[in-house]
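A.B. asks: Provided herewith is a single structure, encoded as structure tokens, for subsequent inquiry.
The values are calculated or read from the model by the stated rules, or taken from the named source; none is laboratory data. Just so you know, these numbers come straight off a predicted model, no measurement behind them. Cβ sites come from the backbone with ideal geometry, for glycine too, and all protein chains shown count toward neighbours.
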């Protein structure tokens, strides 16, 4: 059990709850707006979870013993946690054992590789828990970089984001920092599943030194990234492309399939179609 991590996670999730979106009975009678701190008060969360304020305070101060599954369920409901956040909470509280296998040694299932090939002209790749790109199709290599020419340790979404910059991770106006915060969410969740993993720690430190948005996402304990993200990629021949990156979990594994597409009829879609057609011709 990581008491400090658990305490920080609870505090961050409490502060993220907007009082105006909570039932009137759950909010302190002093009012919704006269507040010195963001989110709900500790006593409000304690009331929603059906526990004493002093016990909840000890949880946030990293002084309480390991909470029971019943307490975690109550906290998940009070804090309106998603399924991913509830799992993360249970791991931090020591109710779910950490992974003991090495994700790098896990083979990519043949079914996932067949799916990747069948996507044909749609750029796509598979990533593992460490954000390593473990498989890709020809269209993804043409869009982003020739992964096969990279050393194995550099075939990583985080390291490529640092090295390639806008080629991989810049965003259109209004979405700045989304990619970095998504990466923080993935790595934060993976770190709870694989505590003490040296490679994950190195990746976190690398990206934290590169991007303040990643630092903000990491500190906020986000662990539930969105399955869709708008990206602006800069291709050396096609210029800037506004693309949608969709992420799907591969059933029975910790792998994620990332697919790139463009809004139909847009200049980016035309350019992407041209790239993929050229790829199909040469492959």
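A.B. asks: Could you list all residues from region 238-261 that are touching a helix residue (DSSP H, G or I) at 6+ places or on another chain (Cβ under 8 Å) and in a loop (DSSP other than H, G, I, E, B)?
C.D. replies: 238, 250, 253, 254, 255
A.B. asks: Hey, another quick one. Can you name the residue in region 172-215 that is in a helix (DSSP H, G or I), modelled with pLDDT under 85 and in contact with a strand residue (DSSP E or B) (Cβ under 8 Å, 6 or more places away or on another chain) and is also surrounded by the fewest Cβ atoms within 10 Å (Cβ to Cβ) among such residues?
C.D. replies: Among residues in region 172-215 that are in a helix (DSSP H, G or I), modelled with pLDDT under 85 and in contact with a strand residue (DSSP E or B) (Cβ under 8 Å, 6 or more places away or on another chain), the one surrounded by the fewest Cβ atoms within 10 Å (Cβ to Cβ) is 178.
A.B. asks: Separate question: Taking into account only those residues within region 262-283 that are at pLDDT 85 or above and in a loop (DSSP other than H, G, I, E, B), which is nearest to residue 123 (Cα to Cα)?
C.D. replies: In this case the residue turns out to be 262.
A.B. asks: For region 133-161, give me each residue that is assigned to a helix (DSSP H, G or I) and out of contact with any helix residue (DSSP H, G or I) (no Cβ under 6 Å at 6 or more places or on another chain). Steps first, answer last, please.
C.D. replies: Pass one, region 133-161, residues assigned to a helix (DSSP H, G or I): 138-143, 147-149, 152-154, 157-161.
Result: 140, 143, 148, 149, 152, 153, 154, 157, 159.
A.B. asks: Now a separate question. Can you pull out every residue in region 99-114 that is part of a helix (DSSP H, G or I) and modelled with pLDDT under 80? Reasoning before the result, please.
C.D. replies: Pass one, region 99-114, residues part of a helix (DSSP H, G or I): 103-105, 110-114.
Answer for region 99-114, where residues must be part of a helix (DSSP H, G or I) and modelled with pLDDT under 80: 103, 104, 105.
A.B. asks: Let me ask something else about it. Which one of the conditions (1) more than 13 Å from the chain's Cα centre (by Cα); (2) surrounded by fewer than 16 Cβ atoms within 10 Å (Cβ to Cβ) does residue 260 fail to meet, given that it meets all the rest?
C.D. replies: Of (1) more than 13 Å from the chain's Cα centre (by Cα); (2) surrounded by fewer than 16 Cβ atoms within 10 Å (Cβ to Cβ), only one is false for residue 260: (2).
A.B. asks: Taking into account only those residues within region 221-252 that are within 19 Å of residue 185 (Cβ to Cβ) and out of contact with any strand residue (DSSP E or B) (no Cβ under 9 Å at 6 or more places or on another chain), which is surrounded by the fewest Cβ atoms within 10 Å (Cβ to Cβ)? So that I can check it myself, show each step before the final result.
C.D. replies: If we filter region 221-252 for residues that are within 19 Å of residue 185 (Cβ to Cβ), which is where we start, we get 221-231, 244-250.
Next cut, out of contact with any strand residue (DSSP E or B) (no Cβ under 9 Å at 6 or more places or on another chain) only: 221-224.
Numbers: 221: 23, 222: 22, 223: 26, 224: 15.
By that ranking, first place goes to 224.
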